[in-house]
């Protein structure tokens with residue numbers, strides 16, 4: 001077995017913060033780096049060496065102007081799949097056939113996971129609140145009545161991007177569509193690339209049927225995001241786009257933000273494991289590999305127990321050698337992974353917050369104590385027997401999470417993200433009179449006299 005060449009950092013000797021920043025930048029969807037093969041393909045398609053960001057701007061602009069014919073043309077050029085207006089959308093017969101041929105145990109698993117998600121997401125839902133005030137003291141007129149409301153309504157139409165390049169992801173469908181359904185979204189349009197792991201995958205189509213999703217389109221990449229955002233013939237535009245994808249999907253979501261809402265600009269999957277002397281090396285190694293196998297994906301161990309570094313490195317080499325996607329995971333760990341020896345637990349928590357990772361696994365004797373010391377993470381997994389896979393598949397919180405250090409400020413997807421809130425304000429005449437002087441004073445300070453007039457004309 002070839003030993004894994006993974007980055008190792010000793011915080012007592014190395015400039016850990018600088019090295020971690022370099023590592024974090026590798027995982028950020030900057031869009032300004034492209035491989036030589038990708039550059040050649042871009043030249044062949046566009047006759048010039050565009051960056052990924054420029055490619056996305058070109059595709060999205062073309063779709064906005066040209067509509068469905070442009071989407072079909074890019075699907076032919078990029079995905080090498082010739083589709084028509086009729087075959088772009090998965091038919092109801094295809095959805096029925098996929099469901100009928102699905103493994104019954106797989107369908108039962110989908111049902112159980114859906115129930116878990118519904119149970120958790122339902123508890124999160126914001127509800128309309130009402131505040132009433134009656135102010136009469138010091139007034140010569142009738143009582144001043146004020147009613148304030150915060151109203152929540154579901155978005156009308158949502159688009160979901162499902163990846164389909166190297167693996168099939170019915171789990172992503174569950175983790176995006178079910179929270180939307182819990183929120184009350186009625187129209188859900190799913191897009192997945194026209195591949196064996198995408199919109200031709202029978203397990204994915206069976207999951208769509210089980211969830212009652214009838215709009216499934218065979219498009220992927222930037223052209224799919226643009227079609228959802230701007231609308232094309234046969235595919236009305238949506239209000240929000242959610243779901244992960246490759247670099248081009250992430251950059252396209254950033255490009256169309258403002259035309260529609262988005263969940264996040266997602267980069268490669270990532271995990272940080274905080275571990276002490278009680279952590280098992282084989283457990284830790286399996287956690288690091290589980291995210292690296294997404295390829296690209298990142299796995300980082302931060303520990304203050306020095307012997308764990310060598311033990312985990314040895315386990316990584318052993319486990320990678322026997323996994324079907326071991327070569328892909330190895331490339332990811334060597335490119336984006338690290339084994340870090342912190343000075344102590346506090347130092348480890350500080351470094352974890354600097355990384356602001358998508359998944360944080362606290363594998364220690366007292367995980368709650370460590371939890372109290374960290375803030376930045378999309379999802380946190382406590383204890384030796386809570387691998388990230390339980391969150392990816394079955395627990396209930398969505399696995400669509402902030403990546404690339406954005407967990408400093410961003411949140412994981414949940415049912416509330418599919419709600420639109422509006423404030424509702426109702427004053428009667430007495431209430432307006434009671435507030436008039438404050439309104440006039442603020443309007444005077446800001447020089448907005450028409451604001452005062454709008455009050456005065458009602459109280460004349």
Residue in the range 50-61 that is at pLDDT below 95, surrounded by 15 or more Cβ atoms within 10 Å (Cβ to Cβ) and in a loop (DSSP other than H, G, I, E, B) present: yes
Lone unmet requirement of (1) modelled with pLDDT under 95; (2) farther than 29 Å from residue 114 by Cβ; (3) crowded, with 24+ Cβ neighbours inside 10 Å for residue 348: (1)
Residue under evaluation residue 346, criteria (1) under 25 Å from residue 21 (Cβ atoms); (2) assigned by TED's automatic domain parsing to the domain that holds residue 11; (3) touching a strand residue (DSSP E or B) at 6+ places or on another chain (Cβ under 9 Å), criterion not met: (3)
Residue 334 being in a helix (DSSP H, G or I), in the same structural domain as residue 384 (by TED's automatic domain parsing), closer than 28 Å to residue 12 by Cβ and within 28 Å of the chain's Cα centre (by Cα): yes
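Which one is surrounded by the most Cβ atoms within 10 Å (Cβ to Cβ) among residues in the range 192-207 that are assigned to a loop (DSSP other than H, G, I, E, B) and touching a strand residue (DSSP E or B) at 6+ places or on another chain (Cβ under 7 Å)?
Narrowing the range 192-207 to residues assigned to a loop (DSSP other than H, G, I, E, B): 193-201.
Going one step further and asking which of them are touching a strand residue (DSSP E or B) at 6+ places or on another chain (Cβ under 7 Å), we end up with 194, 198-199.
Details: 194: 21, 198: 22, 199: 27.
Here the answer is 199.
Residues are listed down the side, and each one gets a yes or a no for (1) over 15 Å from the mean Cα position of the chain (by Cα); (2) assigned to a loop (DSSP other than H, G, I, E, B); (3) modelled with pLDDT of 95 or more; (4) buried (at least 21 other Cβ atoms within 10 Å of the Cβ):
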position: 228; (1), (2), (3), (4): yes, no, yes, yes
position: 237; (1), (2), (3), (4): yes, yes, yes, no
position: 241; (1), (2), (3), (4): no, no, yes, yes
position: 261; (1), (2), (3), (4): no, no, yes, no
position: 273; (1), (2), (3), (4): yes, no, yes, yes
position: 279; (1), (2), (3), (4): yes, yes, yes, yes
Lone unmet requirement of (1) surrounded by fewer than 23 Cβ atoms within 10 Å (Cβ to Cβ); (2) part of a loop (DSSP other than H, G, I, E, B) for residue 266: (1)
Residues (surrounded by fewer than 20 Cβ atoms within 10 Å (Cβ to Cβ) and part of a helix (DSSP H, G or I)) located in the range 295-308: 307
Matching option when the condition is in the same structural domain as residue 205 (by TED's automatic domain parsing) and out of contact with any strand residue (DSSP E or B) (no Cβ under 7 Å at 6 or more places or on another chain), among 89, 114: 114
Residue that is farthest from the chain's Cα centre (by Cα) [pool: residues in the range 71-93 that are part of a helix (DSSP H, G or I) and buried (at least 18 other Cβ atoms within 10 Å of the Cβ)]: 72
Pair list, Cβ under 7 Å, 6 or more apart: the range 45-62 residue touching a residue at least 40 places away in the same chain (Cβ under 8 Å), other residue surrounded by fewer than 17 Cβ atoms within 10 Å (Cβ to Cβ) and assigned to a loop (DSSP other than H, G, I, E, B): 53/32
Yes/no for residue 189 being assigned by TED's automatic domain parsing to the domain that holds residue 65 and part of a helix (DSSP H, G or I): no
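Considering only strands (runs of 3 or more DSSP E) fully contained in the range 337-447, which possess at least 1 residues that are touching a helix residue (DSSP H, G or I) at 6+ places or on another chain (Cβ under 7 Å) and either farther than 29 Å from residue 25 by Cα or without any contact (Cβ under 8 Å) to a residue 40 or more places away in the chain (or both)?
377-382, 419-427
The values are calculated or read from the model by the stated rules, or taken from the named source; none is laboratory data. Note that this is a predicted model, so its numbers are computed, not measured. Please note: Cβ atoms are built from the backbone with ideal geometry, for glycine as well, and neighbour counts cover all protein chains shown.
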